[in-house]
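Student: Got a structure for you, questions after.
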Amino acid sequence: MPNRKPSLFSFFKALFFMVLANVALVTSKSTIEPCSNSDSCNALLGYTLYTDLKVAEVASLFQVDPIAILTANAIDISYPDVENHILPSQLFLKIPILCSCVDGIRKSVSTKYKTRPQDTLASIADSIYAGLVSADQIREANSIADPSILDVGENLVVPLPCTCFNNTDNGLPAIYLSYVVKPVDTLAGIAARYSTTITDLMNVNAMGSSSITAGDILAVPLSACASNFPRYASDHGLIVPNGSYAITASHCVQCSCGPGNRNLYCMPASLAVSCSSMQCKSSNLMLGNATVQQSSAGCNVTSCSYGGYSNGTILTWLSSSLQPRCPGPQQFPPLVAPPTYVTRDSLFAPAPAPQSDGATTTVPRTSTVPSTGLLPGLPPAGAPIGSFSDASSLLNSVATLPIALMIYLLINLISPLSL
């Protein structure tokens, strides 16, 4: 049988298959982090406002406490009516969330979004949630058959990425920020901005090279101060990023992580009202207070420290120690005023709260996001197991490739009829 030269039709078949495969490799965003327990951890989302929004409106998008957003960004909460302060478009915020382990995999938490007439899955993913999720992930999470048709007023589940890695980085306390890479970003620039190294970022994200692409999601470790509260405390596991603070104990206690520090310092919060006693037993010291006494042997320090919040009670403990020298003044994160509102034209109106019953925002609950399966793999030496961005997109696209293969085979069956 004589050899036949490849026809133009065959060339287009191969080209079509390659295009389909390439599209399948770049559509998904996800987090892959195997875990062995069901505990939650504190995590952060890097979010850029798509329009001018009130603090409370940003909180409703992610179903979190508005005060938690302000404290995570070292914004002073003592300003009048601060929850209704308008934040300017394109402002970058760190959004605190809870990240949980489900079925042995660290999966994203979910929030809900109420659709409006002009919404599309792409605009919700890329604009309103600033690239923290893809349109395909929203479609899968909500079992949407036709993404071109969205019912107005529908509550969509929006999966959001998160990472824990046991809240440690190189054996030290850390909290992980899910950061969406911008076109102007470089890995060196991101490392410098968040006081880490290129090597650490590559290890954490299981990257084979230092190249990054706009839209990639990187897990960025932020050094932090970790608490040692007992397990029965409602704020057990509290960890605060360096240079910020947190409000706990029903808004009664403020815990700060000063710049360049890893020691959590807690004191009565500025919003403290109707709080239980904050005085240490057998002492005149109040929470956060300390006495120092210089001696020939060193400095005797007695302090009243916070021990967690349990059953409506603020736990305190009194400690005494002999230190080589007396401690200096406590270093606090420098608080900033709420950003000034700037009038500008916006493409979208402020997003409505996902709940229309007037309920207050709550911490997001754990939600399982449909996954496409995992492939076994090994991270770089010394790195936590897990990856984002290109690597995770490749794993998620495995489920999409058979579709392209079926189309290719179908063309093969049809091609003899066309020749």
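Quick note: the coordinates plus some simple rules give every number you see, no bench work behind them. The shown structure was predicted, so the numbers you read here are calculated from the model rather than taken from an experiment. FYI the Cβ positions are ideal-geometry reconstructions off the backbone, even for glycines, and counts take in every protein chain you see.
Student: Hey, can you grab everything whose amide H is under 5 Å from the amide H of Tyr129? Only 5+ residues off in sequence or another chain; H modelled, so Pro and N-termini drop out.
Tutor: Amide H neighbours of Tyr129, under 5 Å, 5+ apart: none.
Student: Still on this structure, please answer the following. Give me the Debye-computed log₁₀ of I(q)/I(0) at q = 0.21, 0.22 Å⁻¹ for segment 244-323, equal point scatterers on Cα only, no solvent, two decimals.
Tutor: Scattering profile of segment 244-323, log10 relative to I(0): -0.96, -1.02.
Student: Return the sequence-ordered ³J(HN,Hα) values of segment 236-241 in whole Hz as given by the Karplus equation 6.51 cos²θ - 1.76 cosθ + 1.60 applied to θ = phi - 60°, using x for Gly and Pro.
Tutor: Using θ = phi - 60°, the values come out as 4, x, 4, 9, 10, x Hz.
Student: Also, quick follow-up: Order of 160-171, 266-277 by packing, highest average Cβ count within 10 Å first?
Tutor: Numbers: 160-171: 20.6, 266-277: 15.7.
Averaged packing, sorted descending, gives the order 160-171, 266-277.
Student: Let me ask something else. Can you work out the Karplus-derived ³J(HN,Hα) for every residue in segment 219-224? Use 6.51 cos²θ - 1.76 cosθ + 1.60 with θ = phi - 60°, whole Hz, and x for glycine or proline.
Tutor: 8, 10, x, 10, 4, 8
Student: Once phi is turned into θ = phi - 60°, what whole-Hz ³J(HN,Hα) does the Karplus curve with 6.51, -1.76 and 1.60 give for every residue of segment 206-216, x standing for Gly and Pro?
Tutor: 3J(HN,Hα) across segment 206-216, in whole Hz: 6, 8, x, 8, 8, 6, 10, 10, 3, x, 4.
Student: Ordered by packing density, taken as the mean number of other Cβ atoms within 10 Å over each peptide's residues, highest first, how do 217-229, 327-339 rank?
Tutor: Peptide ranking by packing, descending: 217-229, 327-339.
Student: Answer rounded, prolate or oblate for segment 95-180, using the Cα gyration tensor with square roots of eigenvalues a ≥ b ≥ c: rounded when a/c is under 1.5, else prolate when a/b is larger than b/c, else oblate. Don't skip to the answer; put the middle values down first.
Tutor: Working: a/c = 3.01, a/b = 2.23, b/c = 1.35.
The shape class here is prolate.
Student: Sorting Arg139, Arg193 on the 10 Å Cβ count, fewest up front, what's the list?
Tutor: By the 10 Å Cβ count, ascending, the order reads Arg193, Arg139.
Student: Continuing with this model, one more query. Based on the mean of other beta carbon atoms within 10 Å per residue, what is the order of 313-324, 65-76, 141-152, most packed first?
Tutor: Per-residue Cβ counts within 10 Å, averaged per peptide and sorted highest first, yield 65-76, 313-324, 141-152.
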